[in-house]
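The values are calculated or read from the model by the stated rules, or taken from the named source; none is laboratory data. The model shown is predicted, which means the values in this text are computed figures rather than measured ones. Because the Cβ atoms are built from the backbone with ideal geometry, glycine has one as well, and the counts that use them run over all protein chains shown. All accessible areas refer to the heavy atoms of the entire protein, side chains included, with ligands and DNA or RNA removed. Shrake-Rupley method; radii C 1.70, N 1.55, O 1.52, S 1.80 Å.
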Amino acid sequence: MIKINEHYTEIGNNYLFAEVARRVREYKAAHPDKNVISLGIGDVTQPIVPAVIEAINKATAEMSKAETLRGYAPDFGYDFLVQAILKHDFLERGVQLKTSEIFVSDGAKSDTGNIGDILGKDNYIAITDPAYPVYVDTNKMAGREIELLPCTPENDFVPSFPKKTADVIYLCYPNNPTGTVLSKDQLKKWVDYALEHKSLILFDAAYEAFISQPNVPHSIYEIDGAKKCAIEFRSFSKTAGFTGMRCGYTVVPEELTTLTSKGEVISLNAMWKRRQSTKFNGTAYIVQRGAEAVYTPEGQKQIHEVIAYYKENARIIKEEIESLGITVYGGINAPYIWVKTPNNLTSWEFFDLVLNEAQIVGTPGSGFGTAGEGFFRFTAFGNRENTIEAVSRLKKLFSK
Ligand code: MLT
């Protein structure tokens, strides 16, 4: 008889964004004449920039000739991309890393989910609440015990240390979904905690390109000691519009070690290498050439224009909703706007209200965790026209 992983029965039938998509499909089927605007899942709308497209086209042409054909990609990424990442994302910020510490992948969602493969079932996990659902769901799938760390206006969205010592801590900054950040000093406290308790920080920096304010760390390795206690996840999805292309990378420093149950020192870098080379067959050459082009001077200029476009959307959403007297967080260092639902509506009540009355889709805060109840997330990744139309519909709805 088939024995299943029973933990799957504990996590609900649908992944958050699949559930939102299901409800929207139903609404559209019942109201085919309505123009629904999605500011829900953080999916990009602006085209991939010309420098990247040019590189992809060139790489595609190489695939058409036997002399330049590339077969299996290296499991951990082509050197040309790893070198570009090291130089631009780290060296230029004063962070020294080695090529052997960078693992190119098909995105941060897979990596933040797969990292659990190298972690024992008996780790005590701390996760900020609300959070990107992958962290909680994948740990529940593995049957690990989780402590949620509420991040609310009452604590300025700064998580307190767990009640029980955590072995593994998930931090995502700039934060999805609240759009809030930690300062260097605040992040340092977590690095110090992890060093003191020999914990591991899983730091998701997928939104670092949206940081506008100084003193907000782009990488956890800007904090002394972090290489001994942290793994960092990065993504080209939001930085360069790669949600459909799939490319990201994970940094696993060689200094990051722990002990086996027999007391032997073991390197997490070596374990991740072993995991990736066994279960992952590399990111497509064409995609990696596209990612490399993100770091050229033209690529940088072009992606920053697109990021500025999304940031302007964020400003518009934030300011227009605030003008209704509704409290809003985030939207300055992140592409997410975290709205306190008016009139004590629950997150899903607000979802239904804005979908039914204004044909706007957002993401219910409670879908990101208990502490997200009573909040609602809008993304800044829409196109400008839809963003302006969406806020004008919201204004009509809430000034009634
Ligand atoms: C989000 O909307 O939270 C993200 O786009 C989801 C993801 O990156 O997988």
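On the accessible surface of the range 11-114, probed at 1.4 Å, how many percent belong to carbon and sulfur atoms? Working shown, then result.
Working: 2970 of 5670 Å².
Carbon-and-sulfur percentage of accessible area, whole number: 52.
How large, in percent, is the carbon and sulfur part of the accessible surface of the range 222-267 at a probe radius of 1.4 Å?
50 percent
Distance between the C-alpha centers of the range 281-304 and the range 209-272? Whole Å please.
After rounding, the separation between the Cα centres reads 19 Å.
As a quick test, which of the pairs LYS140/LYS273; LYS340/LYS396; LYS198/LYS227; LYS184/LYS228 have an alpha carbon distance above 21 angstrom in this structure?
Violating the 21 Å limit, Cα to Cα: LYS140/LYS273.
To make sure I understand the rule: partners must be aspartates and glutamates, Cα under 19 Å from the Cα of LYS121, and not fewer than 8 residues away in the same chain. Which ones qualify?
Once the sequence-local aspartates and glutamates are set aside, what remains near LYS121 is GLU6, GLU10, ASP111, ASP137, GLU145, GLU147, ASP167, GLU264.
Can you tell me how much longer the chain between GLN83 and GLU54 gets when fully stretched, taken as 0.36 nm per residue apart minus their C-alpha distance, in nm with one decimal?
8.4 nm
Using Cα positions and a limit of under 20 Å, work out the aspartates and glutamates in reach of LYS58, with same-chain residues fewer than 8 apart set aside.
GLU67, ASP79, GLU292, GLU298
When the Cα centres of the range 36-110 and the range 343-366 are compared, how far apart do they sit, in Å?
So the two Cα centres are separated by 36 Å.
Give me the distance in nm between label points sitting 7 Å out from Cα along the Cα-to-Cβ direction at ASN35 and GLU373, one decimal.
About 3.7 nm, to one decimal.
For the range 46-139, state which GluC sites (Glu not before Pro) are in a DSSP loop and have at most 15 other beta carbons lying within 10 Å of their beta carbon.
When the GluC sites (Glu not before Pro) of the range 46-139 are filtered for loop state and at most 15 Cβ neighbours within 10 Å, GLU67 remain.
Can you show me the helix-derived [θ] at 222 nm for the chain, built from DSSP H runs with n ≥ 4 at -39,500 (n - 2.57) apiece and divided by the number of residues, rounded to the nearest 500.
Result for the chain: -11000 deg cm²/dmol, rounded to the nearest 500.
I'd like to check one number: the per residue accessible area of the chain, probe 1.4 Å, reported in Å² as a whole number. Before the final figure, lay out each step's value.
Details: 17930 Å² over 400 residues.
Dividing the accessible area of the chain by its residue count gives 45 Å².
With the crude spin-label approximation of a point 7 Å out along Cα→Cβ, what separation in nm comes out for GLU255 versus MET63?
3.9 nm
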